[in-house]
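Presented below is the structure to which this report refers.
The values are calculated or read from the model by the stated rules, or taken from the named source; none is laboratory data. Worth saying up front: this structure is predicted, and the values here are computed from it rather than measured. Note that we place each Cβ from the backbone using ideal geometry, even for glycine, and neighbour counts take in every protein chain shown.
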Amino acid sequence: MHELQDALVQMKKLQGLLPICANCKKIRDDRGYWHQVETYIEKNSEAEFSHSICPDCRADLYPEFYSEPSA
C-alpha cells in the first residue's frame, strides 16, 4: 500500500486550465508566479524539452541563411 501511495505522489500529470500569457507564453502557477512554459511543464510532468528553430523563425532570425524552397 505504501509503495502505491509513493508512486501516486511521484506521478506527475498536468490537467485543468493553465493560464498562459498571450504575448510571452509564460504560464502562471497555482501560487500566481509566472514561469517559462518549458520550465513549468518539465517541473510538473515527465516531459523533457529539446530546442530547435522552426522554419518560420529561422527565416526571421537568420535571413542570410534562408532561401525560399523552389516550387
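Can you name every residue in the stretch 21-37 that is in contact with a helix residue (DSSP H, G or I) (Cβ under 6 Å, 6 or more places away or on another chain) and of a type in the set (A, V, I, L, M)? Passing the criteria: only ILE27. Looking across the stretch 35-62, the residues that are of a type outside the set (A, V, I, L, M) and farther than 20 Å from LEU18 by Cβ come down to SER50, HIS51, SER52, CYS54, PRO55, ASP56, CYS57, ARG58, ASP60, TYR62. Restricting attention to the stretch 27-42, the residues that are of a type outside the set (S, T, N, Q) and either closer than 28 Å to TYR66 by Cβ or in contact (Cβ under 8 Å) with a residue 12 or more places away in the chain (or both) total 6. Taken together, ALA59, ALA22 contain a single residue that is surrounded by 12 or more Cβ atoms within 10 Å (Cβ to Cβ), of a type in the set (Gly, Ala, Ser) and out of contact with any Gly (no Cβ under 8 Å at 6 or more places or on another chain), which is ALA59.
Here LEU8, LEU4, LEU14 are screened, and the one residue that is in contact with a helix residue (DSSP H, G or I) (Cβ under 9 Å, 6 or more places away or on another chain) and at pLDDT below 85 is LEU14.
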